[in-house]
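**Student:** I have a structure I would like to understand better, so I am pasting it below and will then ask my questions one at a time.
The values are calculated or read from the model by the stated rules, or taken from the named source; none is laboratory data. Remember, predicted model here, so these are calculated numbers, not experimental data. A quick note on method: Cβ atoms are made from the backbone with ideal geometry, for glycine too, and the neighbour counts reach across all protein chains shown. In case anyone asks, the SASA skips ligands and DNA or RNA and just uses the protein heavy atoms, side chains included. Shrake-Rupley method; radii C 1.70, N 1.55, O 1.52, S 1.80 Å.
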Amino acid sequence: MEVEAARRDASALDPELLQLPELAPGALRENSSIAEALYLQWLVLPESSKLVKSLIEDAKAGATLNVAGSSASTNAASSSSLPSMFPAGSAPPLSPRSTAGSPRVMRRGSSAGPSSLGSPLKLVSEPVREVIPQFYFKHGRPPPKDLREQCLSRLDHLFFAGEGLQIQEFRPVIKDICKLPSYLSGVLFKKIDATCSGTVTRDAFIDYWFNDNKITMDTATQIFEILRKPGYSYLTQEDFKPVLKELLASHPGLEFLQGTPEFQDRYAETVIYRIFYSINRSGNGHLTLRELKRGNLVAAMQQLDEEEDINKILRYFSYEHFYVIYCKFWELDTDHDFLIDKENLIRYGNHSLTYRIVDRVFSQVPRKFTSMTEGKMGYEDFVYFILSEEDKSSEPSLEYWFKCIDLDGNGILTTNEMQFFYEEQLHRMECMAQEPVLFEDILCQMIDMIGPENETYFTLRDLKKCKLSGNIFNILFNLNKFMAFETRDPFLIRQERENPTLTEWDRFAHREYIRLSMEEDGEDASNGSGDVWDESLEAPF
């Protein structure tokens, strides 16, 4: 009924009045009855009837239908079919045909090419593709052109006349071109001279340093790549031995050791042990690039070229520190078999340690011994012990002693575990006629000192957050240091504040070196004072 009514309304309209404004496709969809009526009205026109009949005949004859011709022909055909309805020049523009959702158009597919009916949308040009610069390079980022040319220019002066360099001539290359510690020159030379020809040519150096893009690496990575063996992703103690050998042969602060090769070896071993103690936090003997970057070894190695006094390089390389460690070990090793047992270690620090903590050390809980002798501690094991004992503020030391006190290995120090070790301390105080401090009182003092997250136990995290956490272990198993902490000397406190960069180990090594030097010179140790530093004192070795 609605269609018939719309048809009657449409037939009653004057063609002059059909100058309709352009309608959006959505408006015709909402009023489908009007669209259908207009379509039927168009069909009854004579011109339309002729067009439809000719198309049907062409279809029956099998001729090609030119229904979707060019846009211009379609508009012309359409306009030619409406002269009786619309006056010339007053025909409204055709409504754009919507192809969205049309099964017929979808069946034609995209292979039919662009539609000849035209599009109501403006042609949008394809967006310009943004070129993302390369950010990953398998062999590292290549050096900038100006940096490469600058280095090559300096390289031409070093490799004059196109001749290769021998190992004794290679040091300026690693200092001026590579900007690395000069004591790596021997290792780098042998790395490039893989055929052991005895010389490194300019092209060989360029191929290794420039073409492998090592020039753009950071200093720690460059050192790591030079030291590590092919096929390994970590450094071992053996990788550092050539560096220490070159250091002993050429550093002015170690010339006095030229005539004592046995002490040269001990010095090199001690330095390497100290490096791995401080940096190799996993304790597996495999020093990774990440550990090397997080440590301070690179800065210490760079300082070797700047400082002639080896004893001023406190990190790792100080000869005085080696002297203290070696003499302490020699004092305990009464039979000089280079091994010490429990009875030897209990004498350390004038019997300052308890038997219970010595038993824990020899149970190899904090660290497995490398001596390969049952019940014996080797020199490397002793280096780890003395560094942990004399500087309990360092993280390696806190981890070392935490494992000793943590009897059940559950990662927390309970009241019972701490009381177990403190009982021997309490007994020793009573034997020495000192006023004993009950564990309940000392526990409250430790809790106030550390401020743990849970007051019923201590975690390693709690200890690392507190600067005074090393005193906890002195309270539990080192009576001499416990008493010294209870009766702190204001003069020593002032000294610590004046030199905040010095660690507890630095201060201990300084005092002990003076004492040992005076004993070696035949002087009474009691006349020596750790407050006066005499630079004229020489190591006896």
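**Student:** Considering segment 334-346 alone, what residues qualify as being more than 17 Å from ILE357 (Cα to Cα) and within 42 Å of the chain's Cα centre (by Cα)?
**Tutor:** PHE338, LEU339
**Student:** Continuing with the same structure: Go through (1) touching a residue at least 60 places away in the same chain (Cβ under 8 Å); (2) surrounded by fewer than 19 Cβ atoms within 10 Å (Cβ to Cβ) for PRO181 and report which single condition fails.
**Tutor:** Failing condition for PRO181: (2).
**Student:** Out of segment 205-217, which residues are free of Cβ contacts under 8 Å to residues at least 12 places away in the same chain and in contact with a helix residue (DSSP H, G or I) (Cβ under 8 Å, 6 or more places away or on another chain)?
**Tutor:** Within segment 205-217, no residue meets the criteria.
**Student:** So, in segment 168-178, exactly how many residues are under 26 Å from ALA299 (Cβ atoms) and loosely packed, with under 15 Cβ neighbours inside 10 Å?
**Tutor:** The number of residues fulfilling the criteria is 2.
Residues checked against (1) among the β-branched types (Val, Ile, Thr); (2) more than 22 Å from GLU390 (Cβ to Cβ); (3) modelled with pLDDT under 90; (4) open to solvent by 80 Å² or more (accessible area, probe 1.4 Å):
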{"site": "GLU424", "(1), (2), (3), (4)": "no, no, no, no"}
{"site": "ASP441", "(1), (2), (3), (4)": "no, yes, no, yes"}
{"site": "ILE447", "(1), (2), (3), (4)": "yes, yes, no, no"}
{"site": "GLY451", "(1), (2), (3), (4)": "no, yes, no, no"}
{"site": "ASP462", "(1), (2), (3), (4)": "no, yes, no, no"}
{"site": "ILE472", "(1), (2), (3), (4)": "yes, no, no, no"}
{"site": "GLU498", "(1), (2), (3), (4)": "no, no, yes, yes"}
{"site": "HIS510", "(1), (2), (3), (4)": "no, no, no, no"}
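**Student:** Mind telling me which of the residues LEU345, LEU332, LEU292, LEU339 ends up being in contact with a Gly (Cβ under 7 Å, 6 or more places away or on another chain) and either open to solvent by less than 60 Å² (accessible area, probe 1.4 Å) or within 18 Å of GLU512 (Cα to Cα) (or both)?
**Tutor:** Step by step, each of LEU345, LEU332, LEU292, LEU339 is checked, and only LEU339 is in contact with a Gly (Cβ under 7 Å, 6 or more places away or on another chain) and either open to solvent by less than 60 Å² (accessible area, probe 1.4 Å) or within 18 Å of GLU512 (Cα to Cα) (or both).
**Student:** Does segment 184-200 hold any residues that are open to solvent by 60 Å² or more (accessible area, probe 1.4 Å) and more than 28 Å from ALA299 (Cα to Cα), and which are they?
**Tutor:** Hits for segment 184-200 are ALA194, THR195, CYS196, SER197.
**Student:** Another question, then. Return the residues of segment 127-167 that are in a helix (DSSP H, G or I) and open to solvent by 100 Å² or more (accessible area, probe 1.4 Å); say none if nothing qualifies. So that I can check it myself, show each step before the final result.
**Tutor:** Filtering segment 127-167 for residues in a helix (DSSP H, G or I) gives 145-158, 160-162, 167.
Within segment 127-167, LYS145, ASP146, GLU149, GLN150, HIS157, PHE160 meet the criteria.
**Student:** Turning to a different aspect of this structure: Just wondering, is there one or more residues in segment 252-264 that are under 29 Å from the mean Cα position of the chain (by Cα), open to solvent by 10 Å² or more (accessible area, probe 1.4 Å) and either in contact (Cβ under 8 Å) with a residue 24 or more places away in the chain or under 28 Å from ASN311 (Cβ atoms) (or both)?
**Tutor:** No, because not a single residue in segment 252-264 is under 29 Å from the mean Cα position of the chain (by Cα), open to solvent by 10 Å² or more (accessible area, probe 1.4 Å) and either in contact (Cβ under 8 Å) with a residue 24 or more places away in the chain or under 28 Å from ASN311 (Cβ atoms) (or both).
**Student:** With the requirement that a residue be over 13 Å from TYR400 (Cβ atoms) and charged (D, E, K, R), what does segment 331-368 give you?
**Tutor:** GLU331, ASP333, ASP335, ASP337, ASP341, LYS342, GLU343, ARG347, ARG356, ASP359
**Student:** Residues to consider are PHE317, PHE276; find the one that is open to solvent by less than 60 Å² (accessible area, probe 1.4 Å) and either assigned to a loop (DSSP other than H, G, I, E, B) or among the acidic types (Asp, Glu) (or both). Before you say what the answer is, go through the steps one by one.
**Tutor:** On the way: PHE276 fails: either assigned to a loop (DSSP other than H, G, I, E, B) or among the acidic types (Asp, Glu) (or both).
Criteria check complete, one pass: PHE317.
**Student:** On to the next question. Having 3 or more residues that are open to solvent by 80 Å² or more (accessible area, probe 1.4 Å) and at pLDDT 60 or above is the bar; report the helices (runs of 4 or more DSSP H) wholly within segment 10-66 that clear it.
**Tutor:** Passing ranges, in order: 32-43, 46-61.
**Student:** Counting just the residues of segment 295-304 that are assigned to a helix (DSSP H, G or I) and among the small types (Gly, Ala, Ser), which one comes out surrounded by the most Cβ atoms within 10 Å (Cβ to Cβ)? Give the derivation first.
**Tutor:** The initial filter retains those residues of segment 295-304 that are assigned to a helix (DSSP H, G or I), namely 297-304.
After this cut, where a residue has to be among the small types (Gly, Ala, Ser) as well, the list is 299-300.
Working: ALA299: 12, ALA300: 18.
Looking at the filtered set, the residue picked out is ALA300.
**Student:** Could I ask something else about it? Take the residues in segment 230-251 that are of a type in the set (Phe, Trp, Tyr) and assigned to a loop (DSSP other than H, G, I, E, B); name whichever of them is farthest from the chain's Cα centre (by Cα).
**Tutor:** Among those that are of a type in the set (Phe, Trp, Tyr) and assigned to a loop (DSSP other than H, G, I, E, B), it is TYR232.
**Student:** Still on this structure, please answer the following. So ASP309 passes all but one of these: (1) in the same structural domain as LEU476 (by the TED database); (2) open to solvent by less than 70 Å² (accessible area, probe 1.4 Å). Which condition number does it fail?
**Tutor:** So the condition that ASP309 fails would be (1).
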